[in-house]
Amino acid sequence: MTGGGIGANRMEQLFLLALRDGKGEPSDWAKFGWAILSGQGQRVIKDGKALETPEQNLQHLSAQAAEFARKRLPILKALGIAPA
């Protein structure tokens with residue numbers, strides 16, 4: 001127990017949901033996240049501007065997913081928050 005909450009932004013939550021749904025690779029998490037965002041008529045905001053094309057959105061989400069896999073996921077697994 002940490003004695004407090006562990007924050008996760010919306011994309012991190014979507015990546016965790018993708019993991020729970022059996023998607024094992026960061027590229028799959030990005031596709032999952034983009035499917036949800038685009039299905040809701042939303043786009044990724046980068047540097048204060050919405051990314052225009054699906055390819056731009058997916059590329060940015062793929063980079064976020066890879067960084068999440070390297071930095072945050074090991075911590076969340078160690079805390080028992082993410083599936084091992």
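Every number here is computed from the coordinates shown, using simple stated rules; none is lab data. Computed from a prediction, not measured in an experiment: that's the story for all the values here. As a convention, Cβ positions derive from the backbone with ideal geometry for all residues, glycine included, and neighbour counts pool all protein chains shown.
Can you pull out the residues in the range 64-76 that are exposed (fewer than 14 other Cβ atoms within 10 Å of the Cβ) and either within 12 Å of Ile6 (Cα to Cα) or among the small types (Gly, Ala, Ser) (or both)? Residue satisfying the conditions is Ile75 alone. Among the residues of the range 1-43 satisfying the criterion of being among the acidic types (Asp, Glu) and outside any loop (DSSP other than H, G, I, E, B), which is surrounded by the most Cβ atoms within 10 Å (Cβ to Cβ)? Looking at residues that are among the acidic types (Asp, Glu) and outside any loop (DSSP other than H, G, I, E, B), I get Glu12.
The condition of being touching a residue at least 40 places away in the same chain (Cβ under 8 Å) and hydrophobic (A, V, I, L, M, F, W, C) holds for only one of Ile45, Ile81, that being Ile81.
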